[in-house]
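Only the coordinates and a few stated rules stand behind these numbers; no lab work does. In this text the structure is predicted, and so the values were computed from the model without any measurement. Here Cβ is always computed from backbone atoms with ideal geometry, including for glycine, and neighbour counts include all displayed protein chains.
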Amino acid sequence: MKKIITLTLASILLLSCGGNENNQSVDALINSKNVKALQDKKTALQSDIAKIEEALAKLDVKTEEALVAVATVKDTLFTHYLEIQGSVDTKENILVQPEFNGTLTSLTVKAGDRVSKGQILGRVDDAGMSQQLASLENQYELAKTTFERQKNLWDKKIGSEIQYLQAQTQMVSAQKGVAQMKSQLAKTIIRAPFNGVIDEVFVEKGQVVAPSQQGLMRIVNLNNMYVSTTVPESYIGKLKVGDQVDVFLTSLNKTYKGKVRQVGSYINPSNRSFGIEVGLPNPDNLLRPNQVAKLKIIDYVNKDAIVVPTSVVQHDGNGVEYVYTVDNSNGKTGIAKKTKVSTGKSSDNYTEILSGLSSNDIIVTDGVSTISEGMKLNF
């Protein structure tokens, strides 16, 4: 715009120098050798030049003004976060395995069913072990009766000690046989290991199952969720059990409040990090194992910090950091001043200023790239 105005003024000047009766051209005057006319033309041209320079000076002043946005710096709470990615998981997420070879004679649950710890989920054919148990229990009752009678006789000093000890041994042996058979028979009953939901069932009633197969069903408890991740070893001592953590679930677009419940004691030599677990509430039952989570863990707090938008911090050719402050402000205008600062940590697009600014200083927040020191500012 300034160039256009300059060219316009120059054109006017040239036109004013054009040849006519009252205002001959410079060349014509020179050829006429009229000294007085030449002196008059020179005076007129100098006057025109002065007017042009005055107009240019006004343009320079005008272009040294800028419209910006400003803000007053205040002491505020500044919190810095360690931001890392983790994975949602639960300790109670297992495939239920059969403990006994045989035919699945009953299956009492289906996918989606809620079950309680110890609830019977199915049974495997016991291959006659229940009949064997009944026989062993009869033998135990007989051995127990024999021992009790032999003990009564022994208490009355009747009979031999050997007879008493033999009866006792037979009873104990029969008792162990019953317990062992009950233990084996219990393996034919499939029970829920904890409270949860049947997520999938992989078998059908009548199918032959064995401990070596992949699993009968998956059971999941979503009430004990957590996020696991690894943290650089430089954070040893900065994280402790009970620290609050913001957990953002990308798939849900939702943030949960969790707490660190476990801090690892081992440094992985391959990536110099240690593991942590963050307990996570699941009131809406929306969390699922293997969901991706973003964790924000507080690792630094300054209760009386000077904080500015990160975008206003500039660097000169020597790498010195500075911001533009406002001098001589009257509420609507002021003068731009380059102020050297020392910065601390940055978080959420804000940067902590360690030195260079004080509370109530006015800084330029918008239009920083268009101004220079000494420029008049309008806001």
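If you line up the long axis of helix 2-16 against the longest principal axis of the chain, both from Cα atoms, how many degrees apart are they, to the nearest 10?
10 degrees
Efficiency by 1/(1 + (r/R0)^6): what FRET value for Lys205 and Leu286, r their Cβ-Cβ distance, R0 = 30 Å, to the nearest 0.05?
My answer for the efficiency is 0.35.
Can you give the calculated 222 nm mean residue ellipticity of the chain, where each DSSP H run of n ≥ 4 adds -39,500 (n - 2.57) and the sum is split over every residue, rounded to the nearest 500 deg cm²/dmol? Walk me through the numbers on the way to the answer.
Values: 5 runs with 104 residues, N = 379.
So the calculated ellipticity at 222 nm is -9500 deg cm²/dmol.
Take peptides 336-342, 114-120, 291-297 and line them up by average Cβ neighbours within 10 Å, highest first, as a rough protection proxy.
291-297, 336-342, 114-120
Out of these labelled values of Cα extents along the principal axes in Å, [x] 77, 49, 32; [y] 68, 55, 38; [z] 167, 46, 38, which was calculated from the coordinates shown here?
Calculated Cα extents along the principal axes in Å: the matching label is [z].
Could you compute the FRET efficiency for Phe194 and Ile49, with r as their C-beta to C-beta distance and R0 at 56 Å, rounded to 0.05?
Approximately 0.05, to the nearest 0.05.
Label points 7 Å out from Cα along the Cβ direction at Thr250 and Thr108: separation in nm?
The answer from the label model is 4.3 nm.
Nearest 10 degrees, 0 to 90: what angle lies between the long axis of helix 129-155 and the longest principal axis of the chain (Cα atoms)?
60 degrees
Taking the Cα of Gln163, stepping 7 Å toward and past its beta carbon, and measuring to each backbone N in segment 133-151: which are under 17 Å?
What the label zone holds, given the 17 Å backbone N cut-off, is 143-151.
Using Cα-Cα distances under 8 Å and only pairs 6 or more residues apart, what relative contact order does the chain have, in percent?
23 percent.
Looking at Ser273, Leu38, Gly344, which one has the Cα that reaches farthest to the positive end of the dipole of the chain (charges on Cβ: Lys, Arg +1; Asp, Glu -1)?
Sorting the options by dipole projection puts first Ser273.
Taking 7 Å along the Cα-to-C-beta vector as the label spot, tell me the Leu67-Arg272 distance in nanometres, rounded to one decimal.
5.1 nm
Could the peptides 347-353, 105-111 be put in order, highest first, of the mean number of other beta-carbon atoms found within 10 Å of their residues?
Listed from highest to lowest mean packing, they are 347-353, 105-111.
Give Lys303/Lys337; Lys91/Lys254; Lys110/Lys259 a once-over and call out the pairs whose C-alpha atoms are over 25 Å from each other.
Working: Lys303/Lys337 28 Å; Lys91/Lys254 23 Å; Lys110/Lys259 35 Å.
Pairs exceeding the cut-off: Lys303/Lys337; Lys110/Lys259.
On C-alpha positions alone, give me the angle between the axis of helix 161-186 and the longest principal axis of the chain, in degrees, nearest 10.
So the helix axis and the longest Cα principal axis differ by about 40 degrees.
How much of the DSSP beta bridge set in the chain is antiparallel, as a percent to the nearest 5?
Antiparallel bridges make up about 95 percent of those DSSP assigns within the chain.
Could you give the dipole magnitude of the chain about its Cα centre, charging the beta-carbon of Lys and Arg +1 and that of Asp and Glu -1, in debye to the nearest 20?
Here the chain has a charge dipole of around 840 debye.
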